[in-house]
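Okay, so here's the structure we're looking at.
What follows draws every value from the coordinates through simple rules; no lab data is involved. Here the structure is a predicted model, which is why all the values come from computation and not from measurement. All Cβ positions, even for glycine, are placed from backbone atoms using ideal geometry, and neighbour counts span all protein chains on display.
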Amino acid sequence: MSGKVNPPFYNMKPSHWKLIPYGKQWIDDDDVVSVVEVLRSDWLTTGPKVAEFERTFSNLVGTKEAVAVSSGTAALHAAMYAIDIGPGDEVIVPSMTFAATANCVVFQGGTPVFADVKEDTLLIDPEDVKRKITFRTKAIIAVDYTGQPCDYDKLISISKAHHIPLVADACHALGAYYKGKPVGSVADLTVFSFHPVKHITTGEGGMITTDNEEYARRMRIFRNHGITTDHRQREQMGSWFYEMVDLGYNYRITDFQCALGISQLKKLAKWIKRRQEIAALYDEAFKDFPGIKPLGLRDDVLPPKEYISLSGDPVTHIINFMYSLHAYHLYVVRVDEKVIGRTRDEVFKELRSRGIGVNVHYIPVHLHPFYRKKFGTDVGLCPIAEKAYRQIISLPIFPALQDEEVEYIIKTIIEVLK
Ligand SMILES: *Cc1c(COP(=O)(O)O)cnc(C)c1O
């Protein structure tokens with residue numbers, strides 16, 4: 001971006017239209033400088049920037065530990081390893097999520113058990129989680145779908161009652177708050193992704209936050225082949241000796257990626273605010289529009305309009321007043337075929353042809369061929385997620401999205417749906 005703004009694409013000839021993506025990174029000159037500095041230093045991988053990124057991150061979300069890895073998927077896998085998921089174990093996951101949320105259970109030989117979501121928010125339904133618990137259930141993974149924190153109070157009480165850990169897949173929710181607490185410090189383990197469409201990026205990258213030092217120790221070994229010391233630690237000890245104590249992977253993140261992460265984190269609060277502003281514009285536009293409905297908010301989650309109108313430091317306000325804050329990774333609307341007389345797929349195609357890079361998040365995971373074949377999941381397992389899947393469209397939302405682009409998107413949607 002570097003402060004430069006592209007001319008609005010719709011002022012160009014239609015043949016020159018570039019699709020407005022649903023999400024996009026923002027890289028400033030100071031990001032570039034911090035990466036280049038590390039490229040010129042002695043450490044390309046596992047050096048001082050990894051530890052600095054981890055410290056900065058754990059301070060931000062208020063946990064004792066943060067462990068940086070090579071992707072959000074690696075972070076999910078490491079979390080499953082930390083809590084010792086293995087063959088015969090069941091882990092409850094929501095069906096309305098990215099496949100990696102369930103895949104990480106399978107990586108460890110476990111069985112994902114799909115829970116349905118709530119009709120209005122599409123967040124994991126704690127009542128369905130309760131119904132799906134068996135003597136084999138070893139953990140619950142909750143997803144803060146679109147960036148809205150899920151119903152942690154209820155999920156924590158279920159996890160406590162059954163003595164199983166609660167893992168949060170917060171890949172959508174960096175910067176979100178749950179009743180005054182930063183997402184990242186609410187569940188036993190919380191996983192983040194730094195893919196370019198997420199809140200901050202390291203190219204590829206991920207993080208797990210926890211207060212449990214034993215989990216953190218296990219994950220640091222896991223990301224490094226199951227080896228007890230890394231190259232840098234050995235060098236400091238002047239020793240060649242290392243031992244592989246368990247089967248691990250190479251899930252390390254590089255030092256220059258962590259430099260980018262540190263630089264990006266400084267802008268997180270500003271970017272969350274911009275996401276709130278865009279969400280408020282969409283909310284207002286579709287408030288009374290028949291046939292199109294933004295997802296609902298849980299009772300304690302502040303509507304974006306209220307968040308923006310708060311004076312002073314919004315985060316302090318959140319902490320003081322025990323509200324929850326939506327991080328708006330995605331802005332999802334449901335289109336009602338019966339009202340508008342057209343299917344979601346038709347609306348989708350029309351918007352794409354007009355330069356709007358809408359998307360669908362997600363195909364319910366239990367409907368993917370892999371899960372049908374390997375675990376025998378099928379239509380009817382999570383009816384609310386399945387019904388929502390036929391209606392949802394993700395609209396563009398990212399900090400660099402201009403007001404004129406948002407106006408164009410709103411105007412076009414209203415035109416198409418009329
Ligand atoms: C992005 C994402 C992941 C995976 O993260 P990667 O960094 O792409 O591996 C996992 N779960 C959810 C919900 C995500 O959105």
Label point distance in nm, Lys338-Asp299, each placed 7 Å from Cα along Cα→Cβ: 2.8
query: What is the extension gain from Leu247 to Glu306, computed as 0.36 nm multiplied by their sequence separation minus the C-alpha to C-alpha distance, in nm to one decimal?
result: 16.3 nm
query: Which angle from 0 to 90°, rounded to the nearest 10, does the C-alpha axis of helix 255-265 make with the longest principal axis of the chain?
result: 50
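What translational diffusion coefficient, to the nearest whole µm²/s, does segment 332-380 have by Stokes-Einstein, given a Kirkwood radius computed over alpha-carbon pairs, a temperature of 25 °C and 0.890 mPa s viscosity?
Details: Rh = 12.9 Å.
Calculated translational D: 190 µm²/s.
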query: Looking at the square roots a ≥ b ≥ c of the eigenvalues of the Cα gyration tensor of the chain, which shape do they give, rounded for a/c under 1.5, prolate if a/b is larger than b/c, or oblate?
result: oblate
- prompt: What is the gain in length, in nm to one decimal, between Glu127 and Glu404 on full extension, counting 0.36 nm per residue of separation less the C-alpha to C-alpha distance?
  reply: 95.5 nm
- request: With a cut-off of 20 Å, note down the residues of segment 56-98 whose backbone N falls inside the zone around a label point 7 Å from the Cα of Gln236 toward its beta carbon.
  value: 56-59, 64-69
task: Kindly provide the chymotrypsin sites (Phe, Trp or Tyr not before Pro) of segment 163-251 that DSSP labels as loop, not H, G, I, E or B, and whose Cβ sees at most 16 other Cβ atoms within 10 Å.
output: Trp240, Phe241, Tyr242
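Two decimals is fine: what's Rg over Rh for segment 242-288, C-alpha atoms, Kirkwood radius as Rh?
Reported Rg/Rh, Kirkwood definition of Rh: 1.37.
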J(HN,Hα) series, segment 358-373, from Karplus relation 6.51 cos²θ - 1.76 cosθ + 1.60, nearest Hz, glycine and proline x: 5, 8, 10, 10, 8, 5, x, 4, 5, 8, 5, x, 4, 6, 4, 6
field: Computed [θ] at 222 nm, helices only, for the chain once each DSSP H run of length n ≥ 4 contributes -39500 (n - 2.57)
entry: -11500 deg cm²/dmol
statement: Taking a crude spin-label model, label points 7 Å out from Cα along the C-beta direction, the Leu39 to Thr228 distance in nm is 3.8
statement: One would report the antiparallel percent of DSSP beta bridges in the chain, rounded to the nearest 5, as 60
Segment 184-200 - phi-based ³J(HN,Hα) in whole Hz, Karplus 6.51/-1.76/1.60, Gly and Pro as x: x, 10, 9, 8, 5, 9, 10, 10, 10, 10, 10, 4, x, 7, 7, 5, 10
message: Please list, short to long, the whole-number percent of alpha-carbon pairs of segment 285-418 in consecutive 10 angstrom bins beginning at zero.
response: 10, 33, 31, 20, 6, 0
message: Please compute the length gained on full extension between Val360 and Ile27, using 0.36 nm multiplied by the number of residues separating them and subtracting their Cα-Cα distance.
response: 117.3 nm
